[in-house]
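Worksheet: the structure to be examined is printed underneath.
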Amino acid sequence: MVAAGKVLVFFGMIATGKSYLAAAWARHHGCAYYNSDRVRKELAGLVPESRQTAAVDQGIYSREFSRRTYGQLLILAERDLDANPGACVVLDGSYQARGERQRVQESLAGKARVLFVHCICPEEVMRERMEQRQQDPQAVSDGRWEVYLQQKARFELPSELRADQLLTIDTNQALDALLILLDKWVMRVDAGCGVIL
């Protein structure tokens, strides 16, 4: 059976612009959009905009709670794909471990084509975004520089993904340009040509 649905997983380290791009792409294409920061806080019974300042790997950012969060993202994606086999779903999270990325592929096999968008940008841009986020009362992410440094040390590059599954994109450019680049890549992959643009 050929999978009719499509899941785009936007991943990368904090403040790489993945949520901004993922939400915009989902809106543009009418896809369901699930953000790990929101889902994490909903599971904990917290308001999404509440600030959590626990140390790395503590509280709602413990390994156990993170696994629960990413499990819930999969449940939401599967629910949408079961309800509508042709659905488009966008998942947005760090997915820093190969195991979590493989878990997505294995769980959704046969239900959807899974594509991964690895968001990157220069460190100085990331730091500036984190500082701006600290001043924004509506910000959902709790990403801080010390969290980024820890994440950087353990982030597993997506060497396990094939060219027709993965786009690495530098988000330090205009949103319109990013959306065009992303759309072109998805169309090329859909057409059976997995060349990275």
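The values are calculated or read from the model by the stated rules, or taken from the named source; none is laboratory data. Worth saying up front: this structure is predicted, and the values here are computed from it rather than measured. Reconstructed Cβ throughout: ideal geometry from the backbone, glycine too, with neighbour counts over all protein chains shown.
Select the helices (runs of 4 or more DSSP H) contained entirely in the range 26-124, then report the ones holding at least 3 residues which are aliphatic (A, V, I, L, M) and either closer than 20 Å to residue 5 by Cα or in contact (Cβ under 8 Å) with a residue 40 or more places away in the chain (or both). Reasoning before the result, please.
Working: elements: 36-43, 63-83, 98-108.
Hits in the range 26-124: 63-83.
Give all pairs with beta carbons closer than 6 Å in which a residue from the range 152-165 that is closer than 14 Å to residue 96 by Cβ meets a residue that is outside any loop (DSSP other than H, G, I, E, B); count only pairs at least 6 apart in sequence or on separate chains.
Pairs that qualify, where the first residue is closer than 14 Å to residue 96 by Cβ and the partner is outside any loop (DSSP other than H, G, I, E, B), are 156/98; 158/118; 158/166; 160/98; 161/116.
Being modelled with pLDDT under 95, surrounded by 13 or more Cβ atoms within 10 Å (Cβ to Cβ), touching a strand residue (DSSP E or B) at 6+ places or on another chain (Cβ under 7 Å) and of a type in the set (A, V, I, L, M, F, W, C): is that true of residue 90 here?
In short, no.
Please go through the range 166-187 and pick out each residue that is without any contact (Cβ under 8 Å) to a residue 40 or more places away in the chain and part of a loop (DSSP other than H, G, I, E, B).
Hits for the range 166-187 are 173, 174.
Is it true that residue 79 is more than 12 Å from the chain's Cα centre (by Cα), at pLDDT 95 or above, within 26 Å of residue 180 (Cβ to Cβ) and of a type in the set (Lys, Arg)?
In short, no.
Which number in (1) modelled with pLDDT of 90 or more; (2) in contact with a Gly (Cβ under 9 Å, 6 or more places away or on another chain); (3) in a loop (DSSP other than H, G, I, E, B) marks the one condition that residue 163 misses?
(1)
Okay, residues lined up against (1) closer than 25 Å to residue 164 by Cβ; (2) under 11 Å from the mean Cα position of the chain (by Cα):
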residue: 12; (1), (2): yes, yes
residue: 16; (1), (2): yes, yes
residue: 21; (1), (2): yes, yes
residue: 28; (1), (2): yes, no
residue: 38; (1), (2): no, no
residue: 43; (1), (2): no, no
residue: 49; (1), (2): no, no
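Checking the structure you have, find out if any residue of the range 131-141 is among the small types (Gly, Ala, Ser) and either assigned to a loop (DSSP other than H, G, I, E, B) or within 16 Å of residue 66 (Cβ to Cβ) (or both).
Within the range 131-141, one or more residues are among the small types (Gly, Ala, Ser) and either assigned to a loop (DSSP other than H, G, I, E, B) or within 16 Å of residue 66 (Cβ to Cβ) (or both).
For the range 131-182, name all the residues that are surrounded by 17 or more Cβ atoms within 10 Å (Cβ to Cβ), under 14 Å from residue 17 (Cβ atoms) and of a type in the set (D, E, K, R).
133
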